[in-house]
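Just below is one structure, and these are the notes that go with it.
The values are calculated or read from the model by the stated rules, or taken from the named source; none is laboratory data. Being a predicted model, the structure only gives us computed values, none of them experimental. Counting neighbours? That spans all protein chains shown, and the Cβs are built from the backbone with ideal geometry, glycine included.
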């Protein structure tokens, strides 16, 4: 694993967090491979679904931790913690992302990102919808 690759992936993930915090959908889409996806709420969302998904999401601060990365050639996996703070009431959601990465002609990109929420009960899940405004994916393939 090369240090330059680690730094590039860390910067990629920082662009995601800042893009989400700034409600900048084009930046968020750009950090994914063209066939990339985001999974949460018991569903998988493709890039075509991102504008509606981000529009429906509450706005606030996406505070992420340093990712734990395993890079091997042109692919990799990783995990990254998240603390989301809603800007309207300062309620928090906490959890972690589980990722896959690919090196592309545009550099490293997220291929898949899956969210696991840490619940007050002690449960960990990614399938319970917590925002009724979220759209359903337009495609399951």
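Data for the structure
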{"quantity": "Which numbered condition residue 20 misses (of (1) closer than 18 Å to residue 102 by Cβ; (2) assigned to a helix (DSSP H, G or I); (3) touching a strand residue (DSSP E or B) at 6+ places or on another chain (Cβ under 8 Å))", "calculated": "(1)"}
{"quantity": "Residue in the stretch 40-48 that is more than 25 Å from residue 91 (Cβ to Cβ), touching a helix residue (DSSP H, G or I) at 6+ places or on another chain (Cβ under 9 Å), part of a helix (DSSP H, G or I) and at pLDDT below 95 present", "calculated": "yes"}
{"quantity": "Checking residue 15 against (1) surrounded by fewer than 14 Cβ atoms within 10 Å (Cβ to Cβ); (2) without any contact (Cβ under 8 Å) to a residue 40 or more places away in the chain, the condition it does not meet", "calculated": "(1)"}
{"quantity": "Conditions (1) modelled with pLDDT of 95 or more; (2) in contact with a strand residue (DSSP E or B) (Cβ under 7 Å, 6 or more places away or on another chain); number of the one not met by residue 1", "calculated": "(1)"}
{"quantity": "Selected residue [surrounded by fewer than 18 Cβ atoms within 10 Å (Cβ to Cβ) and within 12 Å of the chain's Cα centre (by Cα)] from 75, 66, 81", "calculated": "81"}
{"quantity": "Entirely in the stretch 50-141, the strands (runs of 3 or more DSSP E) that have 3 or more residues that are at negative phi and modelled with pLDDT under 95", "calculated": "92-104, 107-118"}
{"quantity": "Hits in the stretch 1-17 - residues which are within 23 Å of residue 37 (Cβ to Cβ) and over 12 Å from the mean Cα position of the chain (by Cα)", "calculated": "5, 8, 9, 10, 11"}
{"quantity": "Residues satisfying the stated conditions in the stretch 18-35, i.e. more than 11 Å from the chain's Cα centre (by Cα) and surrounded by 13 or more Cβ atoms within 10 Å (Cβ to Cβ)", "calculated": "18, 21, 23, 24, 25, 27, 30, 33"}
{"quantity": "Residue 72 in contact (Cβ under 8 Å) with a residue 40 or more places away in the chain and over 20 Å from residue 126 (Cβ atoms)", "calculated": "yes"}
